[in-house]
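As structure tokens, the structure follows; a few thoughts come after it.
The values are calculated or read from the model by the stated rules, or taken from the named source; none is laboratory data. None of these values were measured; they are calculated from a predicted model. Quick reminder, even Gly has a Cβ in these numbers, built from the backbone with ideal geometry, and neighbours come from all protein chains shown. Just the protein is used for accessible areas: all its heavy atoms, side chains included, with ligands, DNA and RNA removed. Shrake-Rupley method; radii C 1.70, N 1.55, O 1.52, S 1.80 Å.
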Amino acid sequence: MMPHLGPMVRKEFIQMRRDRLTLGIMVGLPVVQLLLFGYAIQTDVRNLPTVVLDQSRTPESRDIVAAFQNTGNFRIVAHVNDRPALDRAIDRGEAQAGIVIPYDFPRRLARGTTARIQVIVDAADPLASQAAIGAAAGVAEVRNLALLTRAAGRSVVPLEARVRPRYNPGLRSPNYIVPGLVGVILTITMVLITAMAIVRERERGTLEQLIVTPVTKTELMLGKIMPYVGVGLVQMTAVLLLGRFVFAVPLAGDVLLLYAIALVFVVASLSFGLFISTLVRTQQQAMQVAFFFVLPNILLSGFMFPRQAMPLFFQWIGLALPLTHFLKVLRGILLKGVGLEALWPQVAVLLGFAVVMIVASVRRFHKTLD
Amino acid sequence: MIQPSVETRGLTRRFGALTAVQDLTIRIEKGEVFGLLGPNGSGKTTTIRMLCGLLEPSAGSATVAGIDVTVAPEQIRQRIGYMSQKFGLYEDLTVSENLNFYAGIYELKGDARRRRVAAVVSFVGVGNRLRQLAAELSGGWKQRLALGCALLHEPTVLFLDEPTAGVDPAARRSFWRAIHDLAAQGTTVLVTTHYMDEAERCQRLAMMSGGRLIALGTPAEVAAAVGGRTLEDAFIILQERDER
């Protein structure tokens with residue numbers, strides 16, 4: 001069975017070893033991406049530079065400024081003397097938040113009428129401002145609660161909600177990003193590499209020589225993807241190890257199961273790349289089509305942006321992407337420690353995708369030149 | 001009656017509105033060195049590609065080694081060798097790796113493979129360059145390597161598409177000596193060329209122009225048929241006729 005597959009795979013490995021640039025990219029990409037995403041990308045914004053306009057200058061006002069600072073969301077960078085100076089600081093971007101405490105703040109506080117403070121947040125970047133807005137509301141709420149309990153003569157609060165963030169108790173970004181990154185890196189390299197594979201042979205003229213031999217088209221295509229299955233699993237191992245030991249990402253579930261499902265995902269991605277290869281005529285076209293596919297994968301799969309927030313139509317598109325399903329597997333196994341009993345729908349979709357893509361590319365590929 | 005090695009009947013190939021090969025009927029006997037001669041665009045390469053199963057004919061039929069190319073192209077592969085116009089081997093593989101890859105593709109194994117590769121290496125004379133990358137070879141050595149890879153499975157019919165383009169005269173001469181050696185052993189060779197001295201070395205020629213067969217016969221017969229004293233005259237007459 002398939003007597004020509006062995007030589008095809010061996011040849012592909014020799015070529016892979018000779019192509020230092022591609023080899024470097026395949027190994028370097030996971031490491032660089034992981035360090036970038038792991039260190040640089042943090043979705044929880046802290047230490048927003050803040051200017052303070054304290055018109056009352058009393059112990060009470062200093063107390064409330066300290067409370068803001070203690071949330072960790074605000075970092076006081078300057079005190080200003082009037083409102084225009086505060087606005088200027090925010091306009092120029094020297095500060096992204098401003099706290100205004102009016103003259104009558106302590107008086108109103110003492111009298112029992114509502115004492116107002118104003119918090120101005122630069123919301124041009126919603127992600128950055130959201131945390132500050134929440135923290136500002138929190139500061140007031142905590143104060144209110146303390147004042148009201150004291151006024152009511154009670155020593156404890158009447159109601160408390162104890163929230164337990166399960167699976168990622170510290171709400172750490174790396175725990176969320178690193179498992180997703182495994183999927184993203186595999187998608188980028190696997191699709192891109194195989195999309196170029198057959199087109200490259202066509203462009204260089206080596207396909208013509210190969211077609212006149214007894215190699216069957218299935219052997220030709222399998223020979224192209226099999227070596228990269230190994231590459232994909234090596235990449236995944238690299239990211240998981242770095243994630244574990246550099247970013248302390250937990251590994252709660254069955255690693256063997258993760259590799260088994262990853263194998264299906266890798267084959268699905270590779271066969272998709274192969275399919276692209278049969279659609280285009282040049283390596284450049286292959287690259288463009290591959291990128292056209294990779295971008296929605298990053299944006300719509302739930303890698304960085306929650307799918308629940310997307311309009312229904314885009315959620316459906318997301319469902320058609322293998323990465324969406326593989327991300328659920330990754331986070332499910334790594335963070336939640338769940339097994340096949342919870343993940344079988346995702347595995348079924350990935351298997352289906354792989355089969356459809358292999359069949360489609362074998363059908364589309366003809367052993368002729370036109 | 002002896003079965004012809006290659007036979008075409010009304011072989012035609014169209015690319016959209018263009019007819020690259022029109023109604024070509026030829027018959028090539030076993031052990032013959034047969035030349036396809038004609039200016040660029042006359043349909044030589046398209047003809048060879050159809051005979052190798054690289055392109056499907058639009059009309060007509062062709063048999064190679066007794067097998068119909070449109071019915072069973074896969075069965076032909078084990079019996080033919082093919083050298084494309086452009087170097088079709090892997091430049092990032094060494095001479096030896098290329099030979100062994102194709103030996104594997106032709107299902108040669110173990111001792112049989114070692115013996116066959118060694119025989120081919122000595123026949124095309126690449127013994128001193130086995131560890132060199134194909135990309136580093138000059139035109140003449142690349143062509144020898146390509147011939148070697150096309151001969152590993154001892155094909156009965158050999159298709160050579162402008163095998164000596166860009167090769168120096170000495171290398172061309174030794175290449176043609178090899179071709180005649182192969183023919184003497186019974187291999188049928190179909191070769192395209194636009195070098196006159198090479199055309200003279202063929203036993204029979206088919207002169208093509210604009211996708212049609214213009215003349216068929218020995219080099220002298222073909223020259224006379226087109227109306228030139230020599231083959232070169234005939235070729236120039238054709239080319240001028242094409243340009244008008």
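For A:213-220, what's the mean count of beta carbons from other chains sitting within 10 Å of each residue's beta carbon?
Counting Cβ atoms of other protein chains within 10 Å of each residue's Cβ and averaging gives 4.
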* Asked: Ranked from highest to lowest mean number of other Cβ atoms within 10 Å per residue, what is the order of the peptides A:28-37, B:157-166, A:47-56?
  -> B:157-166, A:47-56, A:28-37
* Quick one: check the C-alpha center-to-center distance for the stretch A:117-149 versus the stretch B:1-64, whole angstrom. => 82 Å
* Measuring with a 1.4 Å probe in the full set of protein chains, what accessible area per residue, in whole Å², belongs to chain A? -> 51 Å²
* Pop the C-beta distance of residue A:364 and residue A:233 into the FRET formula with R0 = 22 Å and round what comes out to the nearest 0.05. => 0.25
* Determine the relative contact order of chain A: mean sequence separation of Cα pairs under 8 Å and six or more apart, normalised by residue count, in whole percent. => 19 percent
* Counting only DSSP beta bridges with both residues in the protein assembly as shown, tell me the antiparallel percent, nearest 5. => 45 percent
* To do: Mind grabbing the base-10 log of I(q)/I(0) for the stretch A:125-218 at q = 0.24, 0.25 Å⁻¹? Debye formula, identical points on the C-alpha positions, no solvent, two decimal places.
  => -1.20, -1.22
* In the stretch A:110-217, trypsin sites (Lys or Arg not before Pro) in a DSSP loop with at most 15 other beta-carbon atoms within 10 Å -> A:116, A:154, A:162, A:166
* Asked: Using only helices, what value at 222 nm comes out for chain A when you add -39,500 (n - 2.57) per DSSP H run of length 4 or more and divide by the total residues, to the nearest 500 deg cm²/dmol?
  -> -21500 deg cm²/dmol
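Counting pairs of Cα atoms in the stretch B:158-244, how many percent are more than 22 Å apart?
Of all Cα-Cα distances in the stretch B:158-244, 29 percent exceed 22 Å.
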* Take every Cα-Cα pair in the stretch A:34-98 and report what % of them are more than 15 Å apart. => 57 percent
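Treat the stretch B:131-196 as a sphere of radius equal to its Kirkwood radius over Cα pairs and apply Stokes-Einstein at 37 °C in a medium of 0.692 mPa s; give the translational diffusion coefficient in µm²/s, rounded to a whole number.
262 µm²/s
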* **Relative contact order %, the stretch B:89-154, counting alpha carbon pairs below 8 Å whose residues are six or more apart** => 52 percent
* Gyration tensor verdict on the stretch B:50-105 (Cα atoms; rounded if a/c is under 1.5, prolate if a/b is larger than b/c, oblate otherwise) -> prolate
* Structure fact -> Compactness check, chain B: C-alpha Rg relative to the 2.2 N^0.38 Å globular estimate gives 1.01
* Structure fact -> Under 17 Å by backbone N from the virtual spin label 7 Å along Cα-to-Cβ at residue B:74, the residues of the stretch B:99-120 are B:105-107
* To do: Please report how far the C-alpha centroid of the stretch B:165-226 lies from that of the stretch A:71-95, rounded to the nearest whole angstrom.
  => 88 Å
* Asked: Quick one: length gained pulling residue A:203 to residue A:118 fully straight, 0.36 nm per residue minus the C-alpha distance?
  -> 24.0 nm
* Asked: Shape call for the stretch A:48-152 from the C-alpha gyration tensor, a ≥ b ≥ c root eigenvalues: rounded (a/c under 1.5), prolate (a/b greater than b/c) or oblate?
  -> oblate
* To do: Let me know the charge dipole size of the stretch A:237-370 about its Cα centre in debye, to the nearest 20, where only the beta-carbon of Lys, Arg (+1) and Asp, Glu (-1) is charged.
  => 140 debye
* Which value, to two decimals, describes the C-alpha radius of gyration of the stretch B:89-154 once divided by 2.2 N^0.38 Å? -> 0.98
* Loop-resident sites, the stretch B:114-157, for trypsin sites (Lys or Arg not before Pro), counting at most 10 other Cβ within 10 Å (DSSP) -> B:131
* **Electrostatic dipole magnitude of chain A [Cβ: Lys, Arg +1; Asp, Glu -1; Cα centre; debye, to 20]** => 380 debye
* Asked: Which trypsin sites (Lys or Arg not before Pro) in the stretch A:23-102 pass both tests, a DSSP loop state and at most 16 other beta-carbon atoms within 10 Å?
  -> A:46, A:57, A:92
* Would you mind pulling out the separation of the Cα centroids of the stretch A:339-370 and the stretch A:203-220, in Å? => 23 Å
* Asked: Over the protein assembly as shown, what number does the Rg to Rh ratio reach, with both radii from the alpha-carbon atoms and Rh per Kirkwood?
  -> 1.22
* the stretch A:181-270: projected area of the alpha-carbon convex hull, averaged over directions, in nm² -> 6.6 nm²
* To do: Mind jotting down the three principal axis lengths of the stretch A:97-145 based on Cα atoms? Whole angstrom, largest first.
  => 38, 23, 9
* Structure fact -> Once the dipole of the stretch B:162-244 is set up from charges on Cβ (+1 Lys and Arg, -1 Asp and Glu), the residue from the list B:208, B:238, B:196 lying farthest towards its positive end is B:208
* Computed magnitude of the charge dipole of chain B (debye, nearest 20; Cβ of K, R +1, Cβ of D, E -1) -> 440 debye
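Let me make sure I get this right: for the stretch B:1-93, a, b and c are the square roots of the gyration tensor eigenvalues over alpha carbons, sorted descending. Under 1.5 in a/c it's rounded, otherwise prolate if a/b > b/c, else oblate. Which is it?
Numbers: a/c = 1.43, a/b = 1.06, b/c = 1.35.
Rounded, because the longest to shortest axis ratio a/c is under 1.5.
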* To do: Mind scanning B:44/B:86; A:217/B:86; A:217/A:328; A:11/B:86; B:86/B:109 and naming the pairs with a C-alpha gap bigger than 26 Å?
  => A:217/A:328; B:86/B:109
